[in-house]
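Note sheet for the following structure.
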Amino acid sequence: MKPRIYITRKLPEQIIDGLCKNYDVRMWNQEDIPVPREVLEEEMKEVEGLLCLLTEQIDESLIDKAANLKIIANMAVGHNNIDVISATKRGIMVTNTPGVLTETTADLTFGLLLATARRLMEAEDYLKSGKWETWSPMQLTGQDVYGATMGIIGLGRIGEALAKRAKGFDMNLVYFNRSRKYEQEKELGIEYQPLEKLLQISDFVCVMLPLTPETAYMIGKEQLELMKESAVLINTARGGIIDEKALYKALKNREIWAAGLDVFEEEPIPVDHPLLTLPNVVTLPHIGSASIATRLKMATLAVQNLMEGLAGDTPRNLVVVNKSK
Ligand code: DGY
């Protein structure tokens, strides 16, 4: 009997072809509807390999249902949807898809920054709704990006790729990270600053961190209060890093100038969420990595990881638990 694999969302046939030869592949056959929890719970009982998306919460109770499970391959670089500690304790490998989405996500981040700074969505709405009657001096004026200071919180792969784009706009670059990145400081001309200082001096604050217990709500009322009134906050990492209630108040009271958000504490963000009522927020439905080529690369990499783990090898993108936890 072939070992059983479950894939939690419909993936293109060419991506899963290689799997079907050697494995009994079952898949949730919908593109835009996540697999219901009860279906996943049932499937977990039989599977040896699971390929999942960031929309599935792979928590301890789910992992406990999977007596034969060897590997969980996430089709995302972020893996906060998986209880990696519980999986690892049970000898189950967890993998992610780093690298392949770096440039695509950095492109989107810079695009969102420009759209927020220059009020592109508001401007388009202004035009389409017939409000545009004349050109006027201060109409729809925004913040300059060229030559401004960008503060990057989290100088990982995507943070670095963002810094490279910012250099093309002659921006002054500062960063905050758990550890200093001396090589990147030299290469990119980026300067390390403590978080408080970065928040005080940056015109654009870009959150580029993974969501972990340490980074949850890292940007709250206190941090927002340190930012300039003209500052723009950008988040394409994970929603839970910013306290959305505090952000709403800061934006509403114009304590900061605007925010560009691709990620939210709850996804999809409810359509009646207060943040969506503000004119100075640009929101996107978590599309950082959404180019055709990149999504195919992510799916391919997740399949490769899955096959390597099931073959008894160490998968190329094994997520290693921080030993101090
Ligand atoms: C990730 O990979 O973690 C992104 O959020 C989706 O591409």
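Laid out as a table, the results:
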| quantity | calculated |
| --- | --- |
| Per-peptide average of other Cβ atoms within 10 Å, ordering 53-60, 91-98 highest first | 91-98, 53-60 |
| Solvent-accessible area per residue, Å², over the stretch 102-283 with all protein chains present [probe radius 1.4 Å] | 51 Å² |
| Qualifying chymotrypsin sites (Phe, Trp or Tyr not before Pro) in the stretch 107-156, DSSP loop, other Cβ atoms within 10 Å at most 11 | Trp135, Tyr146 |
| Protein accessible area in the chain, 1.4 Å probe - carbon and sulfur % | 52 percent |
| Packing-based ranking, highest mean first, of 163-171, 67-75, 178-186 given that Cβ atoms within 10 Å are counted | 67-75, 163-171, 178-186 |
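The values are calculated or read from the model by the stated rules, or taken from the named source; none is laboratory data. Model, not experiment: these values are computed from the prediction. Counting neighbours? That spans all protein chains shown, and the Cβs are built from the backbone with ideal geometry, glycine included. For the accessible areas, the whole protein counts, side chains as well, though only heavy atoms, and no ligand, DNA or RNA atoms are used. Shrake-Rupley method; radii C 1.70, N 1.55, O 1.52, S 1.80 Å.
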